[in-house]
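The values are calculated or read from the model by the stated rules, or taken from the named source; none is laboratory data. Nothing here was measured: the structure is a model prediction, and the numbers come from that model. Because the Cβ atoms are built from the backbone with ideal geometry, glycine has one as well, and the counts that use them run over all protein chains shown. These area figures cover heavy atoms from the full protein model, side chains too; ligands, DNA and RNA do not enter into them. Shrake-Rupley method; radii C 1.70, N 1.55, O 1.52, S 1.80 Å.
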Amino acid sequence: MFCYSEDDLYCEQVALADLAHRTGTPAYVYSSQTILANYRAYDEAFGDLPHSVCYAVKANSSLAVLGLLAKAGAGFDIVSGGELFRVLQAGGDPSKVVFSGVGKTADEVEYALASGIHSFNCESESELALIDAMAARRGVKAGFSIRVNPDVDASTHPYISTGLSQHKFGIAMSEALAVYDRARGLKNLSAEGVSCHIGSQILDPAPILEAVEKLLALVAALGAEGLPIRHLDLGGGLGIRYRDGEKAPAIGEFIESLRARLRESGLRVMVEPGRSIVGPAGVLLTRVLYRKKNGPKEFVVVDAAMNDLIRPSLYHAHHEIIPVRKNALPPVTADVVGPICETGDFLARGRQMANVMPGDFLAVCAAGAYGFVLSSNYNSRPRAAEVLVEGSAYRVIRRRETFEDLVRGETL
Ligand code: LLP
């Protein structure tokens, strides 16, 4: 929840200018109210349909964020042992964890089995064989879903589209039935569900509904073969509004449409939303260092860079950039760039924006998902602080890194 009161930008009841002065910049700031409201929008829209909302940890894996969601009752979608460790540290319930990903290692499978996770979303037969062998050694039965590749086009950025047969993800729909059938021979596995995830930042949910039809056909075929399936995991992917004026699907309406289609199925429905829960809940605060002009071109040089937020450089993603305190100057068209020695280091290009001056603060909007988690120490820049706002209070949930942090673990 970010809005202006007079000329000052607030996160809930906290003035971001004060926060920026106290915690320094760059800093990620998250609204706990927004995170919880988005989670509840999913949970409540499902109503009495059996469901699990497994937050995709990769979008924002800060302990405090995971803790908030764990307390609210969320499950978690993880893709690594490290993410499982974080979920457990944050008090998450392992029996609500699904483990996705195309390259799970034996150590990760072992850790997940030992922790008692709900199920594995499997992407190959060799992975099924590995999980079966490791479950046998522990004397347990491991629940699994096969992530099928439904061959539908999510119509999103090519780097975050995953549901076409050319992508590395999942098992082809045409082979899925045979794979489930062969998996019957693996005595330490139990087929729990069918899963898919067709891409991310999906603004038109029609392809997700198209995938649902294909998954339901597979579930029916499995049932006919004597292989009852308990749940359908539809992955994440719902898009958010990055650009002013852009239309993004409302969580409640999207889930309503799923609910209507799946009500009679008898299946538990799982979703793995990441971005749509935390994306709108975060901003990256940055301070203007310099203004400069190269010929006719205007630059706003700020203290956040591509190491802090790589989405503009990597996906040509658009993030609105707004002043933390409005001024009365006419707007300017400028590139917003960071201190890193790369032409690709920009947060916006040719952007009409507030005419800010050195010392002013800017907020890079909708940065709560795939922001901090994708940050790095490139150019030996300590990573930003993260701050969680709760009403009129806020706390640093990850302190800014120091130079000592930069060399931790290294030897001369
Ligand atoms: N489930 C699976 C299996 C996934 O691969 C993903 C995201 C999600 C759930 C969560 O999707 P979401 O609801 O957040 O769209 N770094 C990129 C996004 C990569 C998404 C990868 N997979 C970005 O900044 O746009």
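Structure notes:
- Scanning the stretch 182-194 for residues that are in a strand (DSSP E or B) and either more than 16 Å from the ligand (Cβ to nearest atom) or open to solvent by 20 Å² or more (accessible area, probe 1.4 Å) (or both) turns up L189, S190, A191, E192.
- In the stretch 195-307, counting only strands (runs of 3 or more DSSP E) that sit wholly within it, none holds 1 or more residues that are among the basic types (K, R), away from the ligand (no atom under 16 Å from the Cβ) and modelled with pLDDT under 95.
- The sole residue among S174, S126, S165, S155 that is open to solvent by 50 Å² or more (accessible area, probe 1.4 Å), closer than 26 Å to R311 by Cβ, hydroxyl-bearing (S, T, Y) and assigned by TED's automatic domain parsing to the domain that holds I208 is S155.
- Meets criteria (crowded, with 19+ Cβ neighbours inside 10 Å, in a helix (DSSP H, G or I), at pLDDT 95 or above and out of contact with any Phe, Trp or Tyr (no Cβ under 8 Å at 6 or more places or on another chain)) for L113: yes
- The residue list V219, V179 contains one member that is β-branched (V, I, T), surrounded by 15 or more Cβ atoms within 10 Å (Cβ to Cβ) and under 21 Å from C54 (Cβ atoms), which is V219.
- Flag for V356 being aliphatic (A, V, I, L, M) and in contact with a Leu (Cβ under 9 Å, 6 or more places away or on another chain): yes
- Selection status of L177, touching a residue at least 24 places away in the same chain (Cβ under 8 Å) and either at positive phi or part of a loop (DSSP other than H, G, I, E, B) (or both): no
- Residue check for R230: open to solvent by 10 Å² or more (accessible area, probe 1.4 Å), closer than 23 Å to S119 by Cα and touching a His at 6+ places or on another chain (Cβ under 6 Å): no
- Number of the condition not met by C3 [criteria: (1) in a strand (DSSP E or B); (2) surrounded by fewer than 19 Cβ atoms within 10 Å (Cβ to Cβ); (3) over 24 Å from the mean Cα position of the chain (by Cα)]: (3)
- For the stretch 129-143, a residue qualifies if it is in a helix (DSSP H, G or I) and open to solvent by less than 20 Å² (accessible area, probe 1.4 Å), and the qualifying residues are I131, M134, A135.
- If you check E404, E410 for being assigned to a helix (DSSP H, G or I), acidic (D, E) and open to solvent by 80 Å² or more (accessible area, probe 1.4 Å), only one passes: E404.
- Across the stretch 325-334, not a single residue is classified as in the same structural domain as D7 (by TED's automatic domain parsing), open to solvent by 10 Å² or more (accessible area, probe 1.4 Å) and within 20 Å of L309 (Cβ to Cβ).
- For the residues K141, K168, K187, the requirement of being in contact (Cβ under 8 Å) with a residue 24 or more places away in the chain and within 15 Å of S100 (Cα to Cα) singles out K168.
- Residue check, N149 buried (at least 22 other Cβ atoms within 10 Å of the Cβ), more than 30 Å from H319 (Cα to Cα) and in contact (Cβ under 8 Å) with a residue 24 or more places away in the chain: yes
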